[in-house]
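**Q** First the structure, then my questions, so here it is.
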Amino acid sequence: MGLHSIKRVSLLLLGLSCCCHSEVPINGSTPNIIIMLMDDMGWGDLGVFGQPSKETPNLDRMAAEGMVFPNFYTANPLCSPSRASLLTGRLPVRNGFYTTNAHARNAYTPQEIVGGISDDEILLPQMLKKMGYVNKIIGKWHLGHRPNHLPLEHGFDEWFGAPNCHFGPYNNSLKPNIPVYNNSQMVGRYYEEFGINVKTGESNLTQIYLEESLQFLHTQASTQQPFFLYWAVDATHAPVYASKRFLGKSQRGRYGDAVMELDYSVGVILKELRRLGIAKETFVFFTSDNGAAVMSGPNQSGSNGPFLCGKETTFEGGMREPAIAWWPGNIPAGKVSYQLGNVMDLFTTSLALAGLPVPGDRVIDGLDLTPVLLNSSIIDRPIFYYRGNEMMAVRVGQYKAHYWTWSNSWEEFNKGINFCPGQDVPGVTTHAQKEHTMQPLIFHLGRDPGERYPINVMSREYQVVLQQISAVVDQHKRGLVPGVPQLNMCDLAVMNWAPAGCEKMGKCLKAPKSQPWKCEWPH
């Protein structure tokens, strides 16, 4: 979209959150829904997006049989807020998954976090229940680990996985290892019953998550009830892991091994859908929660392709994601859509496929993409890049305007933490928060996907684009009512000391005295 059509976005922006028409699926039935959300997988990790290491034959085949989205985004460059947005259809600043402890800081849900997903938020599985869907999450939840925040309290019927990242191992006196749940009961902990060898990278977790998904598919195929499977595996999050069968098999070290195993698992799931005779009744969407964590180093992180920086930043490498939609007999094979998409759209699109309207009592930021999926339409819409409580940038068409730039602080950078290794762009990848609200940096992402060459502020192109993007931003900010921040307070006493089910296993640990404090978010 160029200068001649960019102005349409500001006219359409207000109506997009509530007035999109959904398309009727070709087969006329209520489809099953599978969302495959990877963890820290980058845009450039798939062969279909240019990765030369040949680790993703099954995902590349999925792309050939479905629709690829090169312009698909997360709602935040960090795990927890991104996942909250996927399941609520709302920006983190609306659903409360942000912090006000400092300006423009990424916040998430470590063990010591007091908060989590608010009871006021309506999650996708809660809506799908109205149409008789059976909802299961497999893998990482990351929206709060205290009892009232767990998945079965927010619409999921079944869960196998963990509430937090698989960091560790811990000694269980200063910090407990993360529990693994089967539904509402703990069945072990990472690094104990569920082993992860940090030294070798060996773990069977991906195979366990694959087997859980196959068992669920078998059960649901026999009951003929519609289902929603949220497959949120985390092998590509540091410390990355893979099972023995895949270790040492890729050209990209341990990270590539993890990608190979995830690709294999995707292939098995799609094959099983066909074997069960439900492929044509099942909509599958594959994407990632944020960009590759390039600060972790080459063996522990992936590729963001041609894009700048990575996870935790609002540059393209932090927020543009791989995305593939697959639905045989409904989505035409071999399609590439240049629609600007967002993980929040999966909320609205899933509801549309299920024949449900979005909640009418709140702003929903996600769009219904069924016209894109079924008719190859293009919907004008902006993409907002938030970091904590600050709108850092906005994309309209091919143009992206940065109102704030920041990679990470000099203090963190001097400790060896680099969010943009080998990609320093003077005046852009700043280590101090730099405000550009009076004269934003504007890039044309078609000509300059790496965000290296800002458009000359004296040019007519800059002046025209600035005027049109400013109207979009002004309209967005006028209608923005921030939610109550959920990620401000921390307390060692709320960690996973004694999860439900620990008594049966003899795994309960004594919690320290409660001494809450304001969480510190360095990035």
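The values are calculated or read from the model by the stated rules, or taken from the named source; none is laboratory data. Every value quoted in this text rests on a predicted model; they were computed, and no experiment measured them. Cβ sites come from the backbone with ideal geometry, for glycine too, and all protein chains shown count toward neighbours. Areas reflect the complete protein model, heavy atoms only, side chains present, ligands, DNA and RNA absent. Shrake-Rupley method; radii C 1.70, N 1.55, O 1.52, S 1.80 Å.
**Q** Any idea which of (1) among the aromatic types (F, W, Y); (2) in contact with a Gly (Cβ under 8 Å, 6 or more places away or on another chain); (3) closer than 17 Å to N32 by Cβ is the one F285 doesn't satisfy?
**A** Status for F285: all satisfied but (2).
**Q** Go through segment 382-396 and count every residue that is assigned to a loop (DSSP other than H, G, I, E, B) and surrounded by fewer than 24 Cβ atoms within 10 Å (Cβ to Cβ).
**A** 1
**Q** Might you let me know whether segment 108-117 holds any residue that is within 27 Å of H523 (Cβ to Cβ), of a type in the set (S, T, Y) and touching a residue at least 24 places away in the same chain (Cβ under 8 Å)?
**A** There is at least one residue in segment 108-117 that is within 27 Å of H523 (Cβ to Cβ), of a type in the set (S, T, Y) and touching a residue at least 24 places away in the same chain (Cβ under 8 Å).
**Q** Given the conditions (1) open to solvent by 20 Å² or more (accessible area, probe 1.4 Å); (2) in contact (Cβ under 8 Å) with a residue 60 or more places away in the chain; (3) over 25 Å from L124 (Cα atoms), report the number of the one that N299 does not fulfil.
**A** Looking at each condition in turn, N299 falls short on (2).
**Q** Restricting to segment 140-149, what's the tally of residues that are open to solvent by 20 Å² or more (accessible area, probe 1.4 Å) and either hydrophobic (A, V, I, L, M, F, W, C) or in contact with a helix residue (DSSP H, G or I) (Cβ under 8 Å, 6 or more places away or on another chain) (or both)?
**A** Final tally of qualifying residues: 2.
**Q** Here's a follow-up. Go through segment 65-152 and tell me which helices (runs of 4 or more DSSP H), entirely inside it, have 2 or more residues that are within 24 Å of Y385 (Cβ to Cβ).
**A** 79-88, 92-95
**Q** Could you count how many residues in segment 257-287 are open to solvent by less than 20 Å² (accessible area, probe 1.4 Å), over 15 Å from D40 (Cα atoms) and among the β-branched types (V, I, T)?
**A** 4
**Q** Another one. Could you tell me whether any residue of segment 169-192 is among the small types (G, A, S) and at pLDDT below 95?
**A** Yes, because at least one residue in segment 169-192 is among the small types (G, A, S) and at pLDDT below 95.
**Q** Does segment 351-367 contain at least one residue that is in contact (Cβ under 8 Å) with a residue 60 or more places away in the chain, in a strand (DSSP E or B), open to solvent by less than 30 Å² (accessible area, probe 1.4 Å) and not small (G, A, S)?
**A** no
**Q** Next question. Which is under 19 Å from F285 (Cα atoms), of a type outside the set (D, E) and touching a residue at least 24 places away in the same chain (Cβ under 8 Å), of T405, T348, T437, T430?
**A** The conditions single out T348.
**Q** State all residues of segment 452-465 that are closer than 29 Å to S409 by Cβ and loosely packed, with under 14 Cβ neighbours inside 10 Å; if no residue qualifies, say none.
**A** Correct list: R452, Y453, V457.
**Q** Of the numbered conditions (1) in contact with a helix residue (DSSP H, G or I) (Cβ under 6 Å, 6 or more places away or on another chain); (2) surrounded by fewer than 24 Cβ atoms within 10 Å (Cβ to Cβ), N204 satisfies every one except a single condition; which is it?
**A** (1)
**Q** Can you report the number of residues in segment 288-302 which are within 13 Å of D40 (Cβ to Cβ) and either at pLDDT below 95 or part of a helix (DSSP H, G or I) (or both)?
**A** The total comes to 4.
**Q** Considering only residues that are of a type in the set (G, A, S) and over 15 Å from the mean Cα position of the chain (by Cα), which ones fall in segment 285-324?
**A** Passing the criteria: S296, G297, S301, G302, S303, G305.
**Q** Just the residues that are aliphatic (A, V, I, L, M) and within 25 Å of the chain's Cα centre (by Cα), please, taken from segment 249-284.
**A** Selection gives A258, V259, M260, L262, V266, V268, I269, L270, L273, A279, V284.
Yes or no, residue by residue, for (1) under 18 Å from T349 (Cβ atoms); (2) surrounded by fewer than 20 Cβ atoms within 10 Å (Cβ to Cβ); (3) over 16 Å from the mean Cα position of the chain (by Cα):
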{"position": "G44", "(1), (2), (3)": "no, no, no"}
{"position": "T56", "(1), (2), (3)": "no, no, yes"}
{"position": "M62", "(1), (2), (3)": "yes, no, yes"}
{"position": "T74", "(1), (2), (3)": "yes, no, no"}
{"position": "S82", "(1), (2), (3)": "yes, no, no"}
{"position": "R90", "(1), (2), (3)": "yes, no, no"}
{"position": "T100", "(1), (2), (3)": "no, yes, yes"}
{"position": "Y108", "(1), (2), (3)": "no, no, no"}
{"position": "Q111", "(1), (2), (3)": "no, no, yes"}
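**Q** If I filter segment 121-139 for residues that are acidic (D, E), open to solvent by 10 Å² or more (accessible area, probe 1.4 Å) and more than 27 Å from R381 (Cβ to Cβ), do I get at least one hit?
**A** no
So that you can scan it fast, the table gives a plain yes or no per residue for (1) surrounded by 20 or more Cβ atoms within 10 Å (Cβ to Cβ); (2) part of a helix (DSSP H, G or I):
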{"site": "R189", "(1), (2)": "yes, no"}
{"site": "N197", "(1), (2)": "no, no"}
{"site": "T219", "(1), (2)": "no, yes"}
{"site": "L229", "(1), (2)": "yes, no"}
{"site": "T236", "(1), (2)": "yes, no"}
{"site": "Q251", "(1), (2)": "no, no"}
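Listed here are the residues, each with its yes/no results for (1) touching a Leu at 6+ places or on another chain (Cβ under 9 Å); (2) modelled with pLDDT of 95 or more; (3) exposed (fewer than 13 other Cβ atoms within 10 Å of the Cβ); (4) not aromatic (F, W, Y).
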| position | (1), (2), (3), (4) |
| --- | --- |
| S409 | no, no, no, yes |
| V425 | yes, yes, no, yes |
| T429 | yes, yes, no, yes |
| Q433 | no, yes, no, yes |
| T437 | no, yes, yes, yes |
| I442 | yes, yes, no, yes |
| R447 | no, yes, yes, yes |
| G450 | yes, yes, no, yes |
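**Q** Further question: What's the number of the only condition in (1) touching a Phe, Trp or Tyr at 6+ places or on another chain (Cβ under 6 Å); (2) open to solvent by 10 Å² or more (accessible area, probe 1.4 Å); (3) assigned to a helix (DSSP H, G or I) that G305 fails to meet?
**A** (3)
**Q** I'm trying to understand the selection: among the residues of segment 483-506, which are in a loop (DSSP other than H, G, I, E, B), out of contact with any helix residue (DSSP H, G or I) (no Cβ under 9 Å at 6 or more places or on another chain), open to solvent by less than 50 Å² (accessible area, probe 1.4 Å) and over 15 Å from T109 (Cβ atoms)?
**A** W497, G501
**Q** Hey, another quick one. Search segment 124-153 for residues that are in contact (Cβ under 8 Å) with a residue 12 or more places away in the chain and among the aliphatic types (A, V, I, L, M) and pair each with any residue that is part of a loop (DSSP other than H, G, I, E, B) and surrounded by fewer than 20 Cβ atoms within 10 Å (Cβ to Cβ) when their beta-carbon atoms are under 7 Å apart and the residues are at least 6 apart or on different chains.
**A** Here the result reads M127/L356; M131/T30; M131/G355; M131/L356; V134/D157; V134/Q225; L152/N183; L152/S184, each pair linking segment 124-153 to a residue that is part of a loop (DSSP other than H, G, I, E, B) and surrounded by fewer than 20 Cβ atoms within 10 Å (Cβ to Cβ).
**Q** Looking at (1) open to solvent by less than 20 Å² (accessible area, probe 1.4 Å); (2) on the phi > 0 side of the Ramachandran plot, can you tell me which one Y399 breaks?
**A** If we test Y399 against (1) open to solvent by less than 20 Å² (accessible area, probe 1.4 Å); (2) on the phi > 0 side of the Ramachandran plot, just (2) comes out false.
**Q** Would you say S350 is on the phi > 0 side of the Ramachandran plot and touching a strand residue (DSSP E or B) at 6+ places or on another chain (Cβ under 8 Å)?
**A** So S350 does not fit the description; no.
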